[in-house]
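So the structure is just underneath, and the comments pick up after that.
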């Protein structure tokens, strides 16, 4: 595989293979699938830990590049061409040497598989400690220059919290499932989520609630003004496939709002 820079070509080669599962992100305001997150899996569908536990410190650069290529390769075969659907790819900021150079493999894969660059979203997790904030800013700036959507995953459960938004304003933040779980019966969670949503809106940042598992959670989050959702309530990840959505709850909510769900 072609690599973007000397840094990405260095380190230990991967001595294992992997694939991807896909989980939908649903847009309640437009009653459609907004995108799919690519999630690492073993070749027989084993969970992410079975793969991530094999990635050594000197392999994460190659692993990050391979994940991007694999996700684009599968998405190009699975995604409906007639619809505008985003592909969300997780990346490791600390595994990117030089932003533009390390994107070469991504751009080559998109060109090879005729996948639109504007449909790519890259998300980094708050659970990974950012060693160089200036470097992260350069990465996000380059990704935006390329037309990619940028997202902060696991928001509210990691190293920086709201302070991260002072230095970085990604296009989207994904509320950590610890904030989502049981929010229908937790007033403190409701207050915190409302505050985050209000701050994000003022900064022009979209909010996505991930880990939604119940209709009650979905209802409270939707009332809070959130329009993007991800979680078992809508669909579990499907190995090398796009899962069938459970839209019953979404239809019920849409009916109350006076919108139509396809």
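The values are calculated or read from the model by the stated rules, or taken from the named source; none is laboratory data. Bear in mind the structure is a predicted one, so any value in this text is a computation, not a measurement. Using ideal geometry, Cβ is built from the backbone for each residue, glycine included, and neighbour counts are taken over all protein chains shown.
Just one of the numbered conditions (1) farther than 21 Å from residue 34 by Cβ; (2) touching a strand residue (DSSP E or B) at 6+ places or on another chain (Cβ under 8 Å) is not true of residue 177: (1). Residues in region 75-92 that are crowded, with 21+ Cβ neighbours inside 10 Å and in a helix (DSSP H, G or I): 75 only. Within region 93-133, the set of residues being farther than 30 Å from residue 179 by Cβ, at pLDDT below 90, part of a helix (DSSP H, G or I) and over 18 Å from the mean Cα position of the chain (by Cα) comprises 101, 102, 104, 105.
Only one of 136, 140 is touching a residue at least 40 places away in the same chain (Cβ under 8 Å), part of a helix (DSSP H, G or I), crowded, with 18+ Cβ neighbours inside 10 Å and touching a strand residue (DSSP E or B) at 6+ places or on another chain (Cβ under 8 Å). Can you tell me which?
When all the criteria are applied, what remains is 136.
Residues in region 202-227 that are assigned to a helix (DSSP H, G or I) and either without any contact (Cβ under 8 Å) to a residue 12 or more places away in the chain or in contact with a strand residue (DSSP E or B) (Cβ under 7 Å, 6 or more places away or on another chain) (or both) were compared, and the one that is surrounded by the fewest Cβ atoms within 10 Å (Cβ to Cβ) is 202.
Of the candidates 250, 224, 241, 235, the single residue that is modelled with pLDDT of 95 or more and in contact with a helix residue (DSSP H, G or I) (Cβ under 9 Å, 6 or more places away or on another chain) is 241.
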